[in-house]
1. Among the listed residues Tyr32, Tyr36, identify the single one that is surrounded by 12 or more Cβ atoms within 10 Å (Cβ to Cβ), among the aromatic types (Phe, Trp, Tyr) and at pLDDT below 95.
2. Looking only at strands (runs of 3 or more DSSP E) that lie completely in segment 1-43, which have at least 3 residues being at positive phi and in contact with a Gly (Cβ under 9 Å, 6 or more places away or on another chain)?
3. Within segment 91-112, how many residues turn out to be touching a helix residue (DSSP H, G or I) at 6+ places or on another chain (Cβ under 8 Å) and open to solvent by 60 Å² or more (accessible area, probe 1.4 Å)?
4. So, in segment 81-90, exactly how many residues are open to solvent by 40 Å² or more (accessible area, probe 1.4 Å) and either in a strand (DSSP E or B) or in contact with a His (Cβ under 7 Å, 6 or more places away or on another chain) (or both)?
5. Taking the stated definitions as given, is Ala90 under 13 Å from Val110 (Cα atoms), in contact with an Asp or Glu (Cβ under 9 Å, 6 or more places away or on another chain) and modelled with pLDDT of 95 or more?
6. In segment 52-68, what count of residues is obtained for those that are surrounded by 14 or more Cβ atoms within 10 Å (Cβ to Cβ) and either at pLDDT 95 or above or part of a strand (DSSP E or B) (or both)?
7. Can you find a residue in segment 66-80 that is of a type in the set (Gly, Ala, Ser) and touching a Gly at 6+ places or on another chain (Cβ under 9 Å)?
Amino acid sequence: VQLQASGGGLVQPGGSLRLSCAASLSIFSFNYMGWYRQAPGKQRELVALIRGGGSPDYLDSVKGRFTIFRDNSKNTVYLEMNSLKPEDTAVYYCQATRGIAAYWGQGTLVTVSS
């Protein structure tokens, strides 16, 4: 299983970015898909999660600003990030879970700075 993450970059505070995570097989194969992030000197944290049934969960600090959604035809999960703040700066990783197995994509750096 391969997960290909993309979409990071440099954005000003208040700006938007969309991250993509393309899976090498049908996303219906997974129980969950999600986005994690890790800022320098901090632990990796779960930002957003979408279940096989489609219901999402979010880290409290991103609720109302971030949206996780998927395109089943493209086997891709997205993270739409709006109203970005400097504290959102981190390397973002996509992750997929199938049974007891967890798969990770490579990180994509998001930098929010003026």
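1. Tyr32
2. Here the list is empty.
3. So the answer is 1.
4. 0
5. yes
6. Residues flagged as surrounded by 14 or more Cβ atoms within 10 Å (Cβ to Cβ) and either at pLDDT 95 or above or part of a strand (DSSP E or B) (or both) within segment 52-68 amount to 9.
7. no
The values are calculated or read from the model by the stated rules, or taken from the named source; none is laboratory data. Quantities reported herein were computed from a predicted structural model and do not represent experimental measurements. Backbone-built Cβ (ideal geometry, glycine too); neighbour counts: all protein chains shown. Remember, those area values only see protein heavy atoms, side chains included, never the ligands or the DNA or RNA. Shrake-Rupley method; radii C 1.70, N 1.55, O 1.52, S 1.80 Å.
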